[in-house]
Amino acid sequence: MKYSDLSQETQLFLNKAMDIYSAIEDKIIIKDLKENHTTIKYKFQKLDKLILALFIAGFLVDGNLKNILSQYDDITLDSLLNFIDIEECDIKPIKDKKYKGFFHSNFKLSLRDIIKNLNQEREIRYITPEIIVSGLQHPYLTGTTILQDYINTVYPESSSYINFANHPLFTALKAQTSMDGSVGDRHLLKIDTQNNIRSSDNSQKPEPKQIPKSETQKATATIFDDSIWQLLDDIKKKFIGQERATEDLFYNIVNNQHLAESKDILDGQRSIIFLDGPTGTGKTAITREISEKLGIPFTASSLTNYSATGYVGANITDVLKELYKKANGDLKKAQKGIVVFDEFDKIAYSGSGELEMKRAVQQQLLDFLGGGKYTISIANNRFSREEFQFDTSKLTFICLGALTDLRSKKANKHPTIGFTQANQSSEEQGYSITPEDLMSIGLERELVGRFNTYLHTEDYSKEALERILRESTISPLNGFKKWIASHGKQFTMDDDVYAIIAEQAYELNTGARSLQTIMNNIRTRYIKEILRGTSKTTHLDAETVIQTNNQTVHRRGRA
């Protein structure tokens with residue numbers, strides 16, 4: 001996103017926002033705000049100030065946006081300026097009017113995130129000042145609830161029934177930025193289907209796109225909106241074969257988010273999750289997808305990277321800094337994030353030389369999962385640091401483990417990679433992972449006691465792998481077809497290829513990842529033809545699939 005590519009109208013709007021932001025950038029603003037029915041003193045962060053600067057600019061720049069904003073007497077320029085303790089005369093042009101440099105150093109990244117997320121919220125063809133401002137009411141797009149706090153603080157008698165997200169102002173703004181292209185000649189940027197942001201030309205405006213009802217429902221979903229269930233359906237279509245785990249994980253995460261907003265959380269209500277399953281069954285991917293769809297800060301790391309205080313290695317509390325960054329400096333949002341610890345079974349000990357260090361990591365996790373307050377220090381620049389208390393009691397912790405040896409033992413068979421028994425789920429094999437099992441491999445009783453929710457992903461049968469190829473929205477075979485089409489060629493395929501690829505992937509024995517491995521081998525077989533060949537049609541048959549993977553894949557046998 002280049003400043004020079006912006007339309008003149010948008011440059012004027014953003015210039016005024018930058019004037020406002022520069023006036024309050026170094027100003028300490030502390031307000032008494034409501035959080036869970038409790039009044040707290042809140043110090044405005046950088047993102048809070050940026051959001052307010054963009055919003056207030058709409059009142060000061062002549063144009064259609066100013067006309068819309070002026071129609072609502074419950075949101076006024078004077079009250080907004082009083083809210084941040086400045087007067088209009090304090091807003092002066094940036095020194096030497098170096099707006100281009102200020103934009104790229106202070107506004108570009110945050111604005112890009114808002115625009116990118118807005119494109120996920122609803123289908124739009126052009127970004128205008130109206131669209132930017134209409135998105136500022138959504139805390140999961142902007143990373144701050146500061147505008148809702150403004151309503152609650154300035155109009156406390158109305159805060160019980162005014163929901164800023166549904167304020168008539170934003171209905172008007174959304175209507176102004178509808179799909180009919182009414183603001184197409186005043187656009188800022190065009191966004192393509194890959195979320196790449198680029199400058200556009202009015203003379204090449206695309207035709208309006210009609211949005212199916214299901215996409216519209218998905219577009220407006222939040223964790224406090226019934227339309228989130230459409231998101232669940234979409235995620236389950238992506239992770240075929242793991243629908244049960246996806247659903248259970250989704251509901252637990254949503255419930256934890258509701259609990260995080262409650263002022264009275266009883267002990268044990270928050271789900272602390274242990275998710276086991278064979279390698280390649282999507283444990284991390286499913287969790288990441290849910291967090292992204294719900295707009296929740298997310299971080300995942302392997303416990304093998306960490307050590308306890310006093311040992312060489314990263315510190316577990318580093319994930320809190322990562323969440324804070326993912327939340328764009330919004331501490332309240334970060335404290336409701338999702339922390340995934342992978343390879344949890346790797347910190348189990350059985351008398352090896354690493355006994356003391358692994359025990360120390362388990363002890364630190366014991367406090368961490370329990371929900372305490374940790375002092376976090378983050379460098380703002382070379383000369384200053386920001387220090388604050390991070391409360392982990394509202395985090396969603398999800399600990400992952402393949403438990404390969406344990407699962408194989410309970411299934412009464414030898415270890416394999418990614419599977420335990422052909423064509424059988426864990427339930428069909430007649431066993432489950434229990435707290436006693438985790439203690440038996442060397443996890444301390446007190447730590448295991450932190451987990452109150454046990455979930456698991458399933459082995460993939462040949463049938464499930466074939467369903468992924470045919471039906472999943474992330475099918476690697478569909479990706480192969482799109483790759484061929486991107487080079488202007490047509491693709492045909494025999495129907496029995498699906499079953500052949502699924503069987504080879506099953507024998508490869510690395511879970512759903514094996515499908516991608518097989519397809520990459522096939523792509524390598526065709527890459528010269530696609531890139532340099534003159535044929536306009538590529539055909540894939542079963543014999544080619546078998547020959548290609550017999551030559552390139554070394555299979556891991558099953559016991």
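Take the cross-link list 43/293; 462/528; 43/394 and give me the ones stretching past 23 Å between alpha-carbons. Write down the numbers at each step before the final one.
Working: 43/293 29 Å; 462/528 30 Å; 43/394 20 Å.
Check vs 23 Å cut-off fails for 43/293; 462/528.
Protein chains only, probe 1.4 Å: how do 375, 457, 517 rank by accessible area, largest first? Provide the component values of the computation, followed by the final result.
Values: 375 85, 457 0, 517 60 Å².
Result, largest first: 375, 517, 457.
Name the residues whose placed amide hydrogens come within less than 5 Å of the amide hydrogen of residue 491, ignoring near sequence neighbours (fewer than 5 apart) on the same chain.
Hits under the 5 Å cutoff: 538.
Using the Karplus equation 6.51 cos²θ - 1.76 cosθ + 1.60 (θ = phi - 60°), what ³J(HN,Hα) coupling, rounded to whole Hz, does each residue of the range 544-550 give in order, writing x for Gly and Pro?
5, 4, 5, 5, 4, 7, 5
Tell me the accessible surface of residue 276 in square angstrom (1.4 angstrom probe, heavy atoms of protein chains only), to the nearest ten.
Near enough 10 Å² of accessible area.
Could you give me the ³J(HN,Hα) list for the range 484-495, computed from phi with Karplus coefficients 6.51, -1.76, 1.60 and θ = phi - 60°, whole Hz, x at Gly and Pro?
So the Karplus estimates, Gly and Pro as x, are 5, 4, 5, 9, x, 10, 9, 10, 10, 7, 6, 5 Hz.
Quick one: 3J(HN,Hα) in Hz for the range 454-461, Karplus 6.51/-1.76/1.60 with θ = phi - 60°, rounded, Gly and Pro as x.
Along the range 454-461, the couplings run 10, 10, 8, 8, 9, 4, 9, 7 Hz.
Taking the mean number of other Cβ atoms within 10 Å as a proxy for protection, how do you rank 530-541, 336-347 from highest to lowest? Mind dumping the intermediate values first?
On the way: 530-541: 11.9, 336-347: 21.3.
Packing proxy ranking, top to bottom: 336-347, 530-541.
Here is the link list: 332/482; 336/482; 46/358; 97/325. Which ones come out longer than 32 Å on Cα distance? Could you put the intermediate results ahead of the total?
Numbers: 332/482 41 Å; 336/482 38 Å; 46/358 39 Å; 97/325 30 Å.
With Cα atoms farther than 32 Å apart: 332/482; 336/482; 46/358.
Ordering 94, 474 from largest to smallest accessible area (1.4 angstrom probe), what's the sequence?
Values: 94 20, 474 85 Å².
Putting 94, 474 in descending order of accessible area: 474, 94.
The values are calculated or read from the model by the stated rules, or taken from the named source; none is laboratory data. Owing to the predicted nature of the structure, the values given are computational and were not obtained by experimental measurement. Neighbour counts are summed over all protein chains in view; Cβ atoms, including those assigned to glycine, are modelled from backbone coordinates with ideal geometry. Areas reflect the complete protein model, heavy atoms only, side chains present, ligands, DNA and RNA absent. Shrake-Rupley method; radii C 1.70, N 1.55, O 1.52, S 1.80 Å.
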